[in-house]
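Engineer: Provided herewith is a single structure, encoded as structure tokens, for subsequent inquiry.
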Amino acid sequence: MIATSLLDDCRRLAFTVAPELEANPLYVVDAETLAGTPNPADCLGFARRGNWMDYETIDRIGDAWTGPGPLIALDGEVIRESHGENFTAAVTGTMVHELAHILPAIEARELSHRQPGDKMDCDAVRQNQAVSLSRSIAKPAAEPGSCIDPHNDQFIRRTCHVYSRAVAHGWDVSIDGLFGGSLWFACQPAHWITSLLPELHSMRTASFAEIETATPPEAFTKLWQSSLDLYRSFQDPRGDIDEQI
Ligand SMILES: [Zn+2]
């Protein structure tokens, strides 16, 4: 279990690097809080942008629930098992990754306004929500570079901005696995950060919505294209060793 003080520190990190998130509640919980609900399990963490929220998850947030907002769950047990040597930096590293999933912040009117006990809260709706959640978790990973890929180039760019701002403000953030396992074909985070350096400086106070609409540096775009080329070369049957023999 992650100490409440560390979860609070992660929430402070979020508001420091992206002040626009302060407009709505932000829930940062240990995944243990959501045990038994059909949320992703056995991963370092997961995030919900807040535009869809089920009653079971709201129930688990309990007294901390103050209204619609995004959610970040960090799994202290999995993080300790995989990055135990510097637990705090690994937790903040996971927080940086998940923050990049909820940015740019969505508008209040786009947030789910469900709350326990409202007129839609009944067994049938809860069951339906559980089935929807289970189905979305069971979906196969999206094709890298596709518009539904959650770990695409824009995600990498946001992660680099969140990471550089957090480090600049003094947080100890592990850079290992910053992008997660699905980007196995891409180069290390340090290379991406280097490719974005001019922008990380010039847009250090910009909102993430502004970053999203700005053209990224050419060095970054080239790095993404070469990463996709590498991924596709692994998928190309002509690259199969048996075929070549
Ligand atoms: Zn992710």
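Engineer: Can you confirm whether residue 88 is touching a Cys at 6+ places or on another chain (Cβ under 7 Å), hydroxyl-bearing (Ser, Thr, Tyr) and surrounded by 15 or more Cβ atoms within 10 Å (Cβ to Cβ)? Spell out the reasoning first.
Structural biologist: Working: touching a Cys at 6+ places or on another chain (Cβ under 7 Å): no; hydroxyl-bearing (Ser, Thr, Tyr): yes; surrounded by 15 or more Cβ atoms within 10 Å (Cβ to Cβ): yes.
Spelling it out, it is not the case that residue 88 is touching a Cys at 6+ places or on another chain (Cβ under 7 Å), hydroxyl-bearing (Ser, Thr, Tyr) and surrounded by 15 or more Cβ atoms within 10 Å (Cβ to Cβ).
Engineer: Sticking with this one: Please indicate, with yes or no, whether at least one residue in segment 128-141 is in contact (Cβ under 8 Å) with a residue 60 or more places away in the chain, aliphatic (A, V, I, L, M) and assigned to a loop (DSSP other than H, G, I, E, B).
Structural biologist: No: segment 128-141 contains no residue that is in contact (Cβ under 8 Å) with a residue 60 or more places away in the chain, aliphatic (A, V, I, L, M) and assigned to a loop (DSSP other than H, G, I, E, B).
Engineer: If a residue must be away from the ligand (no atom under 16 Å from the Cβ) and in contact (Cβ under 8 Å) with a residue 24 or more places away in the chain, how many such residues does segment 144-191 contain?
Structural biologist: The qualifying residues number 9.
Engineer: Go through segment 22-46 and count every residue that is in a loop (DSSP other than H, G, I, E, B) and within 16 Å of the ligand (Cβ to nearest atom).
Structural biologist: Final tally of qualifying residues: 6.
Engineer: Just the residues that are surrounded by fewer than 18 Cβ atoms within 10 Å (Cβ to Cβ) and acidic (Asp, Glu), please, taken from segment 147-206.
Structural biologist: Correct list: 149, 172, 176.
Engineer: Next question, about the same structure. Within segment 52-63, can one find any residue that is within 14 Å of the chain's Cα centre (by Cα) and not assigned by TED's automatic domain parsing to the domain that holds residue 203? Reasoning before the result, please.
Structural biologist: To start, the set of residues in segment 52-63 that are within 14 Å of the chain's Cα centre (by Cα) comprises none.
The answer is no, given that none of the residues of segment 52-63 is within 14 Å of the chain's Cα centre (by Cα) and not assigned by TED's automatic domain parsing to the domain that holds residue 203.
Engineer: Please work out which residue is nearest to residue 179 (Cα to Cα), limiting yourself to segment 47-81 and to residues that are within 16 Å of the ligand (Cβ to nearest atom) and surrounded by fewer than 20 Cβ atoms within 10 Å (Cβ to Cβ).
Structural biologist: 78
Engineer: Search segment 87-127 for residues being free of Cβ contacts under 8 Å to residues at least 12 places away in the same chain and assigned to a loop (DSSP other than H, G, I, E, B), and hand back the single one that is farthest from the ligand (Cβ to nearest atom).
Structural biologist: Initial filter on segment 87-127 (free of Cβ contacts under 8 Å to residues at least 12 places away in the same chain): 87, 107, 109, 117-120, 122-124, 127.
Next, from what is left, pick out any that are assigned to a loop (DSSP other than H, G, I, E, B): 107, 117-120, 122.
Values: 107: 22, 117: 32, 118: 30, 119: 34, 120: 29, 122: 32 Å.
So the residue we want is 119.
The values are calculated or read from the model by the stated rules, or taken from the named source; none is laboratory data. Here the structure is a predicted model, which is why all the values come from computation and not from measurement. All Cβ positions, even for glycine, are placed from backbone atoms using ideal geometry, and neighbour counts span all protein chains on display.
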